[in-house]
Every structure is written in structure tokens, then in C-alpha cells.
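Novice: Below you will find the structure I want to go over with you.
The values are calculated or read from the model by the stated rules, or taken from the named source; none is laboratory data. Predicted model, so just to flag it, every value in this text is computed and none were measured. Cβ placement follows ideal geometry from the backbone for every residue including glycine, while neighbour counts extend to all protein chains displayed.
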Amino acid sequence: MTTPHNHAKPGDYAEAVLLPGDPLRAKWIAETFFEDARQVNSVRNCLGFTGKWKGRPVSVQASGMGQPSLSIYVHELINVYGAKTLIRVGTCGGLNAKVKVRDVVLALGATTDSAIVRGRFGPYNFAPIADFGLLRAAADKADAKGLKFHAGNMLSSDIFYHADGFEGYGQLPDHGVIGVEMEAAALYTLAARFDVRALTICTMTDCLITQEEISAEDRQTSLTDMVELALDVAVEA
């Protein structure tokens with residue numbers, strides 16, 4: 001069975017799937033890290049690949065930017081292709097001075113301004129959270145690798161260019177929200193709905209407080225560390 005967004009055949013995806021937003025990053029992950037990589041999807045250039053990491057099957061599927069796009073791919077990966085473990089790998093902006101550029105952020109939970117989550121639960125404020133087993137494995141493996149990481153609340157925002165700049169995030173930084181990205185809350189909500197495992201792992205590449213950014217070279221090195229961490233979690237946890 002195929003979908004309007006994915007022409008992979010049943011069995012083309014492994015049960016563990018990494019989810020970068022950028023199709024070219026999906027291609028880079030497959031070409032750089034996978035053994036026996038093969039492309040399984042190219043619809044709308046949202047590329048998907050399957051291969052092996054340390055001899056175990058794993059896939060990567062680009063999800064596009066933002067929660068509406070990610071929700072399409074995640075829904076189909078779970079319900080059409082049988083994905084059981086989904087790990088978003090991406091970058092985030094820093095909302096807390098203790099998080100430095102190049103640090104890894106593990107999203108314990110994901111606050112959001114998106115109606116995709118808010119509009120579904122009526123009077124309740126649903127709290128999208130990571131799978132604890134994946135989170136614990138990621139923390140343990142990051143420690144073993146010597147990676148500096150933070151586990152905390154992330155903001156999944158539908159707004160990239162905030163009209164009010166840093167002030168537009170209001171009281172969130174004062175309440176422990178340490179970074180901002182655009183997808184985790186929808187991923188965690190869908191994982192909860194369909195009883196699968198999900199985790200978001202990001203590299204902090206720019207600080208919205210200090211305006212510090214990392215160079216292209218440092219960004220690539222940091223992403224390599226993060227992807228290797230995510231792959232170990234995907235196939236071993």
C-alpha cells in the first residue's frame with residue numbers, strides 16, 4: 001500500500017525510524033551512517049531510506065518543517081508501514097542560558113502553541129512527553145559518549161520568526177523551557193495516540209538569548225555526534 005506522500009512498499013521501512021526535517025539531511029544520514037542503504041521514498045522530495053546500523057535494520061524519513069508536515073509522515077509511518085520507534089533528530093534554538101551551542105537537548109516534554117495538539121483535547125491541556133525507555137537510554141548513552149546534554153521541556157512552535165523576538169516566548173524560559181523547535185509536540189501526541197515510542201533529540205545550534213551561533217563546520221560535527229547517539233538508541237533501546 002502506498003499513500004499520496006509515500007510510495008514505499010510494505011516492509012520497506014524498519015520498525016525504528018529517524019526523523020530529520022530536511023530531506024538532504026535524511027540523505028546524508030543514510031549515506032554517512034547506514035550499511036546497505038537504499039532509498040525507499042522520493043515523493044515530494046521528502047526522501048526516505050532504509051539500511052542497517054551496527055547490523056540492525058533502521059530507517060530515516062524526512063518529515064519536512066513544522067508539525068502539520070511531520071504529522072502526515074508520522075501517521076503514515078505508524079499506521080501504514082508499522083513503525084514502532086520514532087526519533088526526531090534536528091536542531092533547536094536555546095531559550096535558557098545554561099544550554100550552550102553544540103549541547104544536545106533531550107526533550108522530556110514539548111510545550112506548544114499549535115492547534116494540532118490544543119484543539120484535540122477540549123478543556124484539557126494534554127502534556128506531550130517522550131517515551132521514558134528511549135529517554136533513559138539516550139541519557140545513559142550520552143553520558144557514556146561524553147556528550148554534554150540537557151533533558152528538559154522543549155517548545156514546539158508554529159512560529160519561526162517571532163514578531164516580538166525573544167520576548168514573544170513570555171514566561172516559558174522562566175518555567176524551565178530550555179529550547180525551541182517545530183515538531184516534537186506533534187510527534188509525542190501521535191506516539192501516545194497510537195501507542196508507539198518517540199523521542200526528540202536536538203543539537204542546540206543558536207542561542208536566542210546571546211545570539212551565539214555555531215559555524216557550519218562545528219554544526220556538522222555536532223550533528224554527527226547526535227545522529228550516532230540517536231541511531232544507538234533506535235536499534236538498542
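Novice: Let me spell it out: the conditions are (1) more than 23 Å from GLY170 (Cβ to Cβ); (2) more than 17 Å from the chain's Cα centre (by Cα); (3) β-branched (Val, Ile, Thr), and VAL89 meets all of them except one. Which number is the exception?
Specialist: Going through the list (1) more than 23 Å from GLY170 (Cβ to Cβ); (2) more than 17 Å from the chain's Cα centre (by Cα); (3) β-branched (Val, Ile, Thr), VAL89 breaks only (2).
Novice: List the residue pairs whose Cβ atoms are under 7 Å apart, where the first residue sits in region 19-34 and is under 18 Å from PRO57 (Cβ atoms) and among the aromatic types (Phe, Trp, Tyr), the second is modelled with pLDDT under 95 and surrounded by fewer than 19 Cβ atoms within 10 Å (Cβ to Cβ), and the two are 6 or more positions apart or on different chains.
Specialist: none
Novice: Moving on. Out of VAL117, VAL99, VAL80, VAL105, report the one residue that is more than 15 Å from the chain's Cα centre (by Cα) and within 21 Å of ASP174 (Cβ to Cβ).
Specialist: VAL99
Novice: I've got another one for you. Which of the strands (runs of 3 or more DSSP E) found entirely inside region 1-104 contain at least 1 residues meeting this: of a type in the set (Ser, Thr, Tyr)? Give the derivation first.
Specialist: Details: elements: 16-19, 35-41, 48-53, 56-61, 85-94.
Because the criterion is at least 1 residues that are of a type in the set (Ser, Thr, Tyr), the strands (runs of 3 or more DSSP E) in region 1-104 that meet it are 48-53, 56-61, 85-94.
Novice: Do the conditions hold for ALA97, that is, is it free of Cβ contacts under 8 Å to residues at least 24 places away in the same chain and aliphatic (A, V, I, L, M)? If you could, list the steps in order and put the result at the bottom.
Specialist: Details: free of Cβ contacts under 8 Å to residues at least 24 places away in the same chain: no; aliphatic (A, V, I, L, M): yes.
Criteria not met by ALA97.
Novice: Among the residues that make up region 96-108, is at least one of them touching a Pro at 6+ places or on another chain (Cβ under 7 Å) and modelled with pLDDT under 95? Quick ask: steps written out before the conclusion?
Specialist: Kept after step one, since they are touching a Pro at 6+ places or on another chain (Cβ under 7 Å), are these residues of region 96-108: 96.
Now restrict to residues that are modelled with pLDDT under 95: 96.
Yes: region 96-108 contains one or more residues that are touching a Pro at 6+ places or on another chain (Cβ under 7 Å) and modelled with pLDDT under 95.
Novice: Answer yes if at least one residue in region 119-139 is of a type in the set (S, T, N, Q), at negative phi and at pLDDT 95 or above, and no otherwise.
Specialist: No; the residues of region 119-139 include none that is of a type in the set (S, T, N, Q), at negative phi and at pLDDT 95 or above.
Novice: Right, here's the next one. What number of residues in region 42-55 are within 21 Å of VAL235 (Cα to Cα) and either surrounded by 14 or more Cβ atoms within 10 Å (Cβ to Cβ) or of a type in the set (Asp, Glu) (or both)?
Specialist: Within region 42-55, residues that are within 21 Å of VAL235 (Cα to Cα) and either surrounded by 14 or more Cβ atoms within 10 Å (Cβ to Cβ) or of a type in the set (Asp, Glu) (or both) number 7.
Novice: Moving on to the next point. Quick check on my filter: what residues within region 159-195 are of a type outside the set (D, E, K, R) and over 19 Å from THR112 (Cβ atoms)?
Specialist: Selection gives GLY165 alone.
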